[in-house]
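The values are calculated or read from the model by the stated rules, or taken from the named source; none is laboratory data. Just so you know, these numbers come straight off a predicted model, no measurement behind them. Cβ atoms come from the backbone with ideal geometry, glycine included; neighbour counts cover every protein chain shown. Areas reflect the complete protein model, heavy atoms only, side chains present, ligands, DNA and RNA absent. Shrake-Rupley method; radii C 1.70, N 1.55, O 1.52, S 1.80 Å.
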Amino acid sequence: QVNLLQCRPFQTKGQHIRVAMPEQIPDNRVLLRQEGNFMGGSVSQSIARIIYIDPQGYTKLSLSEKYDVARLVGRLNKMIDSRREMPTVLLGPGRWGTTTPAMGVPVTFSEINNIAAIAEIAYKDGSLIPDLSFGTHFFQDLVEMDIFYMAIYPERENVFFNTAWLDKMPNRLAEWSGKDGPYAGVVRVYDVREREMRLLSDVVTQKLVCFTQSEK
């Protein structure tokens, strides 16, 4: 017996040709490498900025502070004048757009609509491990806006999520949004233009990698 919970069309937007995946990229130049768990077809996208919500720091916030983080994401989103000129990756814990802050960041779609690629990170909060939404909350909006979606399960064998690489870079949050400095331990903003970062995915092989082409 099969009980159907949700049914929706599968997103296959993206390039109509195969994307050549580079081989043997050194781990110190890789932010994310995984197989599957993405939607948006085959893409080859340059990345200029990363907004990262630290899962462990987020879980320690109070309820009101978690809503503050959602509004902060919205302000950072508004600073992106053009997705073409400032392609930004948004990484955060659990479900983006949830109405339950313990399950993820409770943003509205208008607070992330300028993002080029969005990722939901699986994490453990005490005994609770929130299920990722795979874009359910904003599925049709993501499709229409061509926003690439990723689900990251850091503990899985075929997933390499290099948070140590992020930790080595300066957090520009206070520089770009001075009044939000107190949240710098949780919300991190990175400028990666000089590092020539690129996001590649191939829908046929189901491989994905986000890496820097520069040693800077």
**Prompt:** Out of R188, R29, R156, any idea which swings most in a Gaussian network model of the chain, alpha carbons joined below 10 Å?
**Reply:** R156
**Request:** Give the calculated FRET efficiency between V30 and L63 to the nearest 0.05, with a Förster radius of 41 Å applied to their Cβ-Cβ distance.
**Result:** 0.70
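Name the trypsin sites (Lys or Arg not before Pro) in segment 66-115 that are in a loop by DSSP and that have at most 12 other C-beta atoms within 10 Å, would you?
Answer in residue order: R84.
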**Complete:** Rounded to a whole %, the carbon-and-sulfur portion of the accessible area of segment 36-109 at a 1.4 Å probe is 47
**Complete:** The local net charge around N113, scoring Lys/Arg +1 and Asp/Glu -1 for residues other than N113 whose Cβ lies under 12 Å from its Cβ, equals -2
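Given 20 °C and 1.002 mPa s, how large is the Stokes-Einstein diffusion coefficient of segment 20-133 in µm²/s, with Rh as the Kirkwood radius over Cα pairs?
Approximately 140 µm²/s, per Stokes-Einstein.
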**Request:** Over segment 41-80, average the accessible area per residue using a 1.4 Å probe and give it in Å², no decimals.
**Result:** 38
**Complete:** Stretched fully, the stretch from E144 through E157 gains (0.36 nm per residue minus C-alpha distance, one decimal, in nm) 1.4 nm
**Dipole magnitude (debye, nearest 20) for segment 50-107, charges at Cβ of Lys, Arg, Asp, Glu** = 120
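Can you tally the net charge around R172? Count Lys and Arg as +1, Asp and Glu as -1, for every other residue whose Cβ sits under 13 Å from the Cβ of R172.
Once all neighbours under 13 Å are counted, the net charge is -1.
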**Fill in**
So the FRET efficiency between L4 and S110, C-beta based with R0 = 30 Å and rounded to 0.05, is 0.45
**Asked** Over the chain, what is the mean sequence separation of C-alpha contacts under 8 Å (at least six apart), divided by residue count, expressed as relative contact order in percent?
**Response** 32
**Relative intensity, log₁₀ I(q)/I(0), of the chain from a Debye sum that treats every alpha carbon as a point, q = 0.08, 0.17 Å⁻¹** = -0.26, -1.29
